[in-house]
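Down below is the structure, laid out as structure tokens.
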Ligand SMILES: *Cc1c(COP(=O)(O)O)cnc(C)c1O
């Protein structure tokens with residue numbers, strides 16, 4: 001069997017062995033890798049794939065989507081509002097919603113393109129100045145704006161914990177915030193910490209290098 005498929009199945013069985021009572025979606029993060037390299041996992045029947053650049057993702061996925069209509073594409077990287085239209089055209093989920101200008105652009109384009117994407121609001125829990133994500137203080141107002149004023153389907157919150165710290169406390173905080181907004185889904189956990197994230201309630205893990213190998 002293909003190595004990528006084998007690695008993927010190992011992750012799947014690690015998750016199954018946690019004996020959870022709700023399903024966890026594995027987003028195979030395929031950024032930087034060519035489609036030919038990723039394809040065995042598509043042919044294996046996996047549907048959730050993650051990318052962090054609109055242009056790269058559009059070039060990679062537009063054609064294969066047409067013949068694989070069950071594919072679900074996730075935008076997990078920073079999104080500029082001038083790329084919102086192209087993002088709406090391609091993606092099914094956006095995990096990096098974090099400001100009103102972007103939200104307005106996404107709402108406008110999905111209305112005119114007759115699409116209805118699912119969104120995670122990215123939260124900057126550690127207040128890292130260089131990192132995307134809305135601050136905890138602004139979250140509730142922003143969430144209410146998105147659902148009440150511009151009709152975005154917000155399904156949960158997303159976090160990327162600081163790289164130099166244990167992720168656990170951030171997973172816990174995100175879980176609490178998610179509950180306070182009565183949201184059902186959570187996007188947290190990567191190759192190094194997806195098991196931990198799932199134990200704290202994550203329903204969408206974003207796993208790249210453990211499936212595809214290290215990125216150059
Ligand atoms: C690249 C990326 C991942 C995947 O990271 P790995 O450590 O390779 O699993 C997950 N989330 C985001 C936001 C990313 O940019």
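Applying 0.36 nm per residue to the separation of residue 3 and residue 182 and subtracting their alpha-carbon distance, the gain on full extension is 60.5 nm. Roughly what percent of Cα-Cα pairs across the chain reach past 29 Å? Tail fraction, whole percent: 22. Taking other C-beta atoms within 10 angstrom as a stand-in for reagent exposure, 74, 48 fall in the order 48, 74, fewest first. Counting DSSP beta bridges with both partners in the stretch 23-212, what percentage is antiparallel, nearest 5? Close to 0 percent.
Helical content alone sets the calculated 222 nm signal of the chain at -12000 deg cm²/dmol, taking -39,500 (n - 2.57) per DSSP H segment of four or more residues and averaging over every residue.
Taking every alpha-carbon pair under 8 Å whose residues sit at least 6 apart, the stretch 23-212 reaches a relative contact order of 20 percent. Between the stretch 153-216 and the stretch 48-63, the alpha-carbon centres lie 21 Å apart. The length gained on full extension between residue 153 and residue 17, counted as 0.36 nm times the residue separation minus their Cα-Cα distance, comes to 45.8 nm. Using a/c under 1.5 as the rounded threshold, could you call the stretch 45-134 rounded, prolate or oblate? The axes a ≥ b ≥ c are square roots of the C-alpha gyration tensor eigenvalues, and prolate needs a/b larger than b/c, oblate otherwise. It comes out prolate by the Cα gyration axes. Using 0.36 nm per residue and subtracting the Cα-Cα separation, the extra length available between residue 86 and residue 140 on full extension is 16.7 nm.
Take the alpha carbon gyration tensor of the stretch 5-101, find the square roots of its eigenvalues, order them as a ≥ b ≥ c, and report rounded if a/c is under 1.5; if not, report prolate when a/b exceeds b/c, else oblate. Oblate, since a/c reaches 1.5 and b/c is not below a/b.
We did not get these values from a lab; they are worked out from the coordinates using the rules stated. Remember, predicted model here, so these are calculated numbers, not experimental data. Neighbour counts run over all protein chains shown; Cβ positions are idealised from the backbone, glycine included.
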